[in-house]
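Data block below; observations after.
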Amino acid sequence: MDEPSATQSEPGDTAASVIATRGLTKRYRGGQLAVDGLDLTVPAGSVFGFLGPNGSGKTTTIRMLMGLIEPTAGTARVLGRPMPRAARTVLPQVGALIEGPALYGFLSGRDNLLRYDAADPTADPRTRRARVATALDRVGLAAAAGKKAKAYSLGMKQRLGLAAALLQPRRLLVLDEPTNGLDPQGMREIRTLIRELAADGTTVFLSSHLLDEIEQVCTHAAVMAQGRLVTQGAVADLAAGARDRLVVTTPDPAEGARVLKELGVGDVTADGDRVTGEPPARDLAEVTAALVTAGVRVRGLTVERASLEDAFVALTGEGFDVAG
Amino acid sequence: MSRADVLLAGAGRRPNPLWTLGLLRSELVTTVRRWRTLALLGVLAAVPVLVGIAVKIETRGGGPAGGGGEGPAFISQITNNGLFLVFTALAATLPFFLPMAVGVVAGDAIAGEAGAGTLRYLLVAPAGRTRLLLTKYATVLAFCLLATLVVAVSALLVGALLFPLGELTTISGTRISFAEGLGRALLIALVVAASLVGVAALGLFVSTLTNSGIAAMATTVGLLITVQIVDQIPQLHALQPYLFPHYWLSFADLMRDPVYWDDLVKNLGLQALYAAVFGAAAWARFTAKDINA
């Protein structure tokens, strides 16, 4: 279903990217700068995590990508075509969940999907009922399809919103906080679904405030703060940006720190019975031997892998705001 | 997933231009399934019942209805011919009940979707802004017709039930057959429905200005009342020929023999003007608007 570069009219920079923005900027009427010169590149086939504290401009960016908001400056290309100008050809190939689900409470779950599908002029009415049934099945709502949407729980509404994004085979899925309101079991199901879709070749653009979620499912990530892009790239590279730490657990921290410094370990700090430093280039077995030879009693010695959260803290210099 | 394979096979689909009408069908069905729409239609259907019963009780003694020429047009003739209840009911509902119902549906059209957040999903589907606006306007116009027909049919049923039917006398004094009378009643219903085209466009424009359905409905109905009041102030007569309700009651001229067309044409022309001006304004606003709801 992928049509490699058939729709890519620009040579060079956007060739393999599903989303590419250049200097994308949105200034609201009050003068508030919500998004400031964003250069975002989402490679085809990636599961792309879009991170940032609340109010950092994620949703405004997503709305510009979907043609709901006109950028003040800069350009956005989705599937190789300019947005919002090419919305009619681009959006049928894009499934989106934006800022939570929105439903007609007086319609059943199934009728909600039938209505959203009817809104797409490229959707075949002959297959509409079958496609709606498949989408409901995929998100585990088949049993509740006939219930009025106002009787749905938040998690069920979220699933119905996801189902709306899956009414057609899509080349790109834009999912804004897709696991919001779901219980841990529901979150696992959604993560499995995202991996399945990605395996089919769909590019998934996933905004989330749950760092471990991003780490678990995403191949790439971008971090926004105060309307600016702080960093973007492969998740492995981002995590590598925050350095791993050598951790020695010992009842003799002072002596241990001295030995580590002698061995040429940089940035050594002792905190309680933990002595940490930059991992040395040499074999860790030699470090252990040196410590023991010097009479330092060692309970444990390990290199702690940096998490995305460490990377995030290192990049923004602050904790991640997980509220809401 | 075998089902998914079937779907993928359909990925190279070539859209049929007729599929674009799916949204209109969905919109019509959704509008009629709203409890609010049914309530409005229920109120409209009740008006002829009230008028019919009131006239019946009033004239039980055999005297003429409408004591001294007061009340809506044609009310004094209902006892002679039940068909006149259709004209009376339309004359009674056109100044307020009908346009209020249209104002509610039109005001809610875009603003209600924005308030519920469903607007962003319709646009991302992608419904297309111009297509969505046209679909909404077509649906409001269909509601104008439906609402008018509900009043007319309810009045016809009540009239047939409570009063005799038969040949009727036009305003000009000539007599026409019952069949021709029915034809004129239908024509009048169509003209009344067309008289609401202006309010519908005004309501749709207001609806593009806000993200609150209630605010849009209240504003539209408020404007309707204001314009109706301005239309009654003699000092403002220079303004009045441009107010959308000014020629509304001209539909009575269809009961003349021959029909007197001047005011009817003015009414329809004025409605077309309102539809063009506010339709264009709604389009300009909606296609350039940032959708933040």
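Bear in mind these aren't lab numbers, they're just calculated from the coordinates by the rules spelled out. Because the structure is predicted, anything quoted here is derived from the model rather than measured. We place every Cβ from the backbone using ideal geometry, glycine too, and count neighbours over all the protein chains shown.
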Taking the Cα centre as origin and putting +1 on Lys and Arg beta-carbons and -1 on Asp and Glu beta-carbons, what dipole magnitude results for chain B, to the nearest 20 debye?
1060
Return the single residue from A:Leu172, A:Leu263, A:Leu91 with maximal mean-square fluctuation; model: Gaussian network over chain A, springs between Cα atoms under 10 Å.
A:Leu263
Suppose we keep just the DSSP beta bridges with both residues in chain A; what percent of those would be antiparallel, to 5?
65
Run through the DSSP bridge list for the protein assembly as shown and note the antiparallel percent, rounded to the nearest 5.
65
Assigning unit charges at the beta carbon (Lys, Arg +1; Asp, Glu -1) and nothing else, what dipole magnitude in debye, to the nearest 20, does the protein assembly as shown show about its Cα centre?
1660
Note to self, chain A gives a 222 nm [θ] from helices alone (DSSP H runs n ≥ 4, -39500 (n - 2.57) apiece, / all residues, nearest 500) of -9000 deg cm²/dmol
Going toward the positive end of the dipole of the protein assembly as shown, with +1 on Lys and Arg Cβ and -1 on Asp and Glu Cβ, which of A:Gly266, B:Leu243, B:Thr88 do you reach last?
B:Thr88
Lys/Arg Cβ at +1, Asp/Glu Cβ at -1, dipole of the stretch A:115-242 taken about the Cα centre: which of A:Leu173, A:Ala234, A:Tyr152 is farthest positive-ward?
A:Tyr152
In nm, the gap between the two label points placed 7 Å beyond Cα toward Cβ at A:Asp183 and B:Leu187 is 6.8
Starting from the amide H of A:Leu38, placed 1.01 Å from N in the peptide plane, find each other amide H under 5 Å away whose residue is 5 or more places distant or on another chain.
A:Gly23, A:Leu24, A:Thr25
If we count other beta carbons within 10 Å of each Cβ, what is the order of B:Lys136, B:Lys56, A:Lys150, fewest first?
A:Lys150, B:Lys56, B:Lys136
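Tell me, what is a quarter of the convex hull surface for the C-alpha atoms of chain B, in nm² with one decimal?
Quarter of the Cα hull surface area: 19.7 nm².
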Size of charge dipole - chain A - debye, nearest 20, with Cβ of Lys, Arg +1 and Asp, Glu -1, no other charges:
1700
Report, to the nearest 10°, how far helix A:154-165 tilts away from the longest principal axis of the Cα atoms in chain A, using its own Cα long axis and a range of 0 to 90°.
70
Sort B:Trp261, B:Trp283, B:Trp35, B:Trp248 so the one with the fewest other Cβ atoms within 10 Å of its own Cβ comes first.
B:Trp35, B:Trp261, B:Trp283, B:Trp248
Any idea which of B:Ala46, B:Leu119, B:Ile78 is furthest toward the positive side of the dipole for the stretch B:3-288, if Lys and Arg beta-carbons carry +1 and Asp and Glu beta-carbons -1?
B:Leu119
Run down the lysines and flag those whose C-alpha is under 27 Å from the C-alpha of A:Lys58, throwing out any fewer than 8 positions away in its chain.
A:Lys26, A:Lys157, B:Lys289
With chain A reduced to its Cα atoms and the Debye formula applied, log10 I(q)/I(0) at q = 0.10 1/Å amounts to -0.67
